[in-house]
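Bear in mind that the values in this text are calculations on the coordinates, not laboratory data. These figures come from a predicted structure and were not determined experimentally. Note that we place each Cβ from the backbone using ideal geometry, even for glycine, and neighbour counts take in every protein chain shown.
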Amino acid sequence: MFGPAPGPRQKATGVPWEAQESGTANVQWATIAYRSDPAMLEALLPPGFTLAEPVVHVTLGFFRNLYWLAGRGYGIVNVEIPVVCSGRDQRIEGGLCLVLWEGRPDAITTGREELGFPKLYADIPDVRLDADSGRIGGRASWFEHTFFEMEMHGLKEVEVAPQDRRLLGPKGGPIFYKYMPRTGPFGSGGCDVSYVTCPHPLPGEERSAQTIRFGEAHYRKWRAEGGALQWHRASFEQLPTTFHVVNGIADLPIIEYLSAEMIEFSAPGIAVATNGLRVLELG
């Protein structure tokens, strides 16, 4: 009723942002991967998905100088697992996002509907990624309940060839399951939307021009000697509407830590707007 919703992908007039208007975004991205229980991970998968390997990738990151927030930024906590998705016309591999907490509601209000990201809100302070001291850390909370903490130590910078520069996490690109219920008494309406969104091109297509090309951007990478994370279970009283999500992740056992890495990069702001997704229909 008030016109198009402004955000990363369009202005208030509904016109897309131009690349020259988006400036340069600065991103810090720390990821810990750990082996977990295959059966418990498989129980979380939507229809059409199979588990590629029983590994959980958890990222704590911070975006700064975002054009669509007039120079502001926010933190994220992203949880992904490697999967294979068998769509109606294509089979793809990548990292299925189980949940994505963000520190600004502005990043959530259009990202759920436009992109199908499973976004929730949390208080995420500016991430303490201090490469000079070799230690990083951060946390996420809601209603004053800290449900997530991460730390790494012994960070050492490593050289990365331009062709090997990428976001940390499962290989193959992000995958999202977009599900929106249809309104009905006591949830009786079924769903309006149930499909996959992803940046994977169709066979014969080129990847979107808005994909981050790290070979052309400032990019640094560090590996940590060690790292750990903690999921703190929540009661209904602590997190009335999201305790089941936090507990679902917290109940996944950390059998073995596999890696702890951090990247820092700067790129055109429009490149991190995730404006190149498409729909993959399930069979």
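How long are the three semi-axes of the equivalent ellipsoid for the chain, computed from the Cα gyration tensor as the root of 5 times each eigenvalue, in whole Å, largest first?
26, 25, 21
Go from 0 up to the bin containing the longest alpha carbon distance in the range 144-203, width 10 Å each, and give me the % of pairs per bin.
14, 22, 26, 24, 10, 4
Could you grab the relative contact order for the range 17-62? Cα pairs under 8 Å, six or more apart, rounded to a whole percent.
So the answer I get is 50 percent.
Can you tally the net charge around Ile32? Count Lys and Arg as +1, Asp and Glu as -1, for every other residue whose Cβ sits under 10 Å from the Cβ of Ile32.
Net charge around Ile32: -2.
Quick check for the chain: number of Lys pairs with alpha-carbon distance under 30 Å, counting only pairs 8 or more apart or on different chains?
For the chain, qualifying lysine pairs total 8.
For the range 24-76 and the range 90-115, write down the distance between their C-alpha centroids in whole Å.
Result: 9 Å between the Cα centres.
Calculate the tail of P(r) for the range 1-145: the fraction of all Cα-Cα distances greater than 27 Å, expressed in %.
In whole percent, the long-distance tail amounts to 35.
Give me the tail of P(r) for the range 77-118 as a percent: Cα-Cα pairs with distance above 16 Å.
Result: 49 percent of Cα pairs exceed 16 Å.
In deg cm²/dmol and to the nearest 500, what is the mean residue ellipticity at 222 nm of the chain if only DSSP H runs of at least 4 residues count, each as -39500 (n - 2.57), divided by the residue total?
-1500 deg cm²/dmol
Test of understanding: express the Cα radius of gyration of the range 221-283 as a ratio to 2.2 N^0.38 Å, with N the residue count.
Normalised Rg, Cα atoms only: 1.68.
For the charge dipole of the range 29-97, defined by +1 on Lys and Arg C-beta atoms and -1 on Asp and Glu C-beta atoms about the Cα centroid, which residue among Cys85, Gly71, His57 has the Cα displaced farthest towards the positive pole?
Value computed over the given set: Gly71.
Based on Cα positions only, what radius of gyration and what Dmax would you give for the range 145-283, in angstroms?
Radius of gyration, then largest Cα-Cα span, for the range 145-283: 19.5, 57 Å.
Calculate the spin-label point distance for Arg91 paired with Ala39, positioning each point 7 Å from the Cα along the beta-carbon direction, and give it in nanometres.
The answer from the label model is 2.6 nm.
Please work out the Kirkwood hydrodynamic radius for the range 93-153, using every pair of different C-alpha atoms, and report it in angstroms with one decimal place.
When all Cα pairs of the range 93-153 are included, the Kirkwood radius is 13.2 Å.
Return the FRET efficiency for the residue pair Glu144, Asp251: r is the Cβ-Cβ distance, R0 is 22 Å, and the value is rounded to the nearest 0.05.
Approximately 0.50, to the nearest 0.05.
For the range 118-163, compute the orientation-averaged projected area of the C-alpha convex hull (one quarter of its surface), in nm².
Projected over every direction and averaged, the Cα hull of the range 118-163 covers 5.3 nm².
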